[in-house]
Amino acid sequence: MTDAIPASFVLRGTAAENTLRLVGMDATRIVEDARLRHGLSKTATAVLGRTMTASALLATVLGKRSDSRVTVRVHGGGPVGLVVAEGSVDGRIRGYVGHPDADLPLRESDGKLDVSGLVGTDGELEVTRLLDNGEPYTGSVHLISGEIAEDVSTYLGVSEQIPNAALLGVYEEGGRVHRAGGVLIQAMPGVSDETLARLEANIRAFGQITDHLRRGSLMEAMTVLTEGLNLTLAPEAQPAAFQCRCTRERASDSLRFFNAEERQEMIDAGGQGVHCHWCSETYHITPAEIAALDAQIERARA
C-alpha cells in the first residue's frame, strides 16, 4: 500500500560558493502511485519513474513562475511507446506510457532492467515549458541512450545551454517500488575548473543513485555527490505527489466535442465513461449530466 510509503519531496541546495545548484527528489511514493494507477510492468515502472522524476527536476530548474509546468515526452520507438510526464514547480507530478504492460528480460550484460531497450533510441526527447511571456516553448534532442538521465542531461546542455549532470533511478523489490529519485546538478556562471574537476570525480565514484537511496537518504546522496564542495541545503523540503489536473467537470465538458446525436446515443446507453490517460481515472457521466450539458450548449447558441 502506498500509505505505508513516506511522501515524496524535493530538496534544493547550492555548493562551491553558489557556483553549483542542486535539485534532488525522493520520488518513491509518486512512482509507486504511478505503478498502481497504470498497472505498469517492472521495466515500464522504471521508465515512467525516471521520466516523472526528470520532469519535476526540470520544472524546478526551468520554471519561471510558481505555477510553471514542464512536460517531458520521450518517443524512442521501443515497446513501451510514448512516455509522457508533467512536473510542476509546486510539486504536482503526473505521467503515463503508451503500453504500460510492455516489458523486457533483464539485460544479459549486467542483470539490470533494460530501460533503454523498452524506450528505444530511434527518436527524440522533447521538453515543453513556458517562456517569460507565458508562451509555450518546445525543445528537443535526439535520444542518446534511452536511459532517460543521459538524454535529459543532453537536452539541458544542447537546447538550454546549461552545463549539468543528471542522475535518475528506480529500484523495485517485493513487487513494489522500494526507492526512486534523482539529482540534477547545474553549473552556474563563474564556476571554477577546480570545482568542476572535483564534481566530475565525485560523480565517477558515486555509482548508482538507487544504491545510495537504498542505503541512506536523498540528503546523504546529495552530500556524497558534493563531497569537498560545501553543500548548503534549503531549510525546507518541497512536498511532491502524483496529482492529476483532471476533474469530473472537465470530463463532462469534454463531451462538448461530440455532436447532439452522439450525446443522445450516450444518454440512451445509460451514460458515458471518460478515461483520463494521465492518471487512469474513469469518470462515469450520467444521462442527466449529459442532458444538462446539452441544455447548456443550446442556451449558449440562443
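Where a number appears in this text, it was derived from the coordinates with a stated rule and is not lab data. Keep in mind the model is a prediction, meaning the values are calculated, not measured. Quick reminder, even Gly has a Cβ in these numbers, built from the backbone with ideal geometry, and neighbours come from all protein chains shown.
Here is how the numbers come out for the structure above:
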quantity	calculated
Mean projection area, nm², convex hull over Cα of the chain	18.7
Fewest-first sequence of Val177, Val47, Val274 by Cβ atoms within 10 Å of each Cβ	Val274, Val177, Val47
Volume of the Cα convex hull of the stretch 1-110, divided per residue and given in Å³	143
Average silhouette area of the stretch 145-302, convex hull of alpha-carbon atoms, in square nanometres	16.1
Amide proton proximity set for Ile285, modelled H, under 5 Å, gap of 5+	Gln272, Gly273, Val274
Shape category assigned to the stretch 39-102 from the gyration tensor of Cα positions, a/c cut at 1.5	prolate
Under 5 Å, built H, 5+ apart or other chain: amide partners of Tyr171	His178, Arg179, Ala180
Fraction in percent of alpha-carbon pairs per bin - 10 Å, the stretch 8-47	26, 33, 22, 16, 2
Highest average packing first - 133-146, 58-71, Cβ atoms within 10 Å	58-71, 133-146
Ranking of His284, His212, His178 by count of other Cβ atoms within 10 Å, fewest first	His284, His178, His212
Distance histogram for the stretch 118-190 (every C-alpha pair counted, 10 angstrom bins, percent rounded to whole numbers)	18, 38, 32, 11, 1
Using θ = phi - 60° and Karplus 6.51 cos²θ - 1.76 cosθ + 1.60, couplings along the stretch 200-207 (whole Hz; Gly, Pro as x)	4, 5, 4, 5, 4, 7, 6, x
Mean projected area (nm²) of the alpha-carbon convex hull when the stretch 248-301 is viewed from all directions	3.6
Principal axis dimensions, the stretch 62-181 - Cα atoms, whole angstrom, descending	48, 28, 26
Folded to 0 to 90 degrees: helix 28-38 orientation relative to the chain principal axis, Cα	30
Amide H contacts under 5 Å for Leu20, placed H, 5+ residues apart	Ala15, Met188
Value of relative contact order over the chain, rounded to a whole percent, pairs C-alpha under 8 Å and six or more apart	21
Neighbour-count order for Leu106, Leu168, fewest beta carbons within 10 angstrom listed first	Leu106, Leu168
Contour excess over end-to-end distance, with Cα ends at Glu17 and Lys112 and 0.36 nm allotted per residue	30.5 nm
Under Karplus coefficients 6.51, -1.76 and 1.60, residue-wise ³J(HN,Hα) of the stretch 50-60 in Hz, glycine/proline x	5, 5, 5, 4, 4, 5, 5, 5, 5, 4, 5
Approximate spin-label separation Ser159-Ala292, in nm, with each point projected 7 Å along Cα-to-Cβ	4.1
Estimated vicinal HN-Hα couplings, Hz - the stretch 272-288 in sequence order (Karplus 6.51, -1.76, 1.60; Gly, Pro = x)	9, x, 10, 9, 8, 6, 5, 10, 6, 6, 10, 9, 8, 8, 6, x, 5
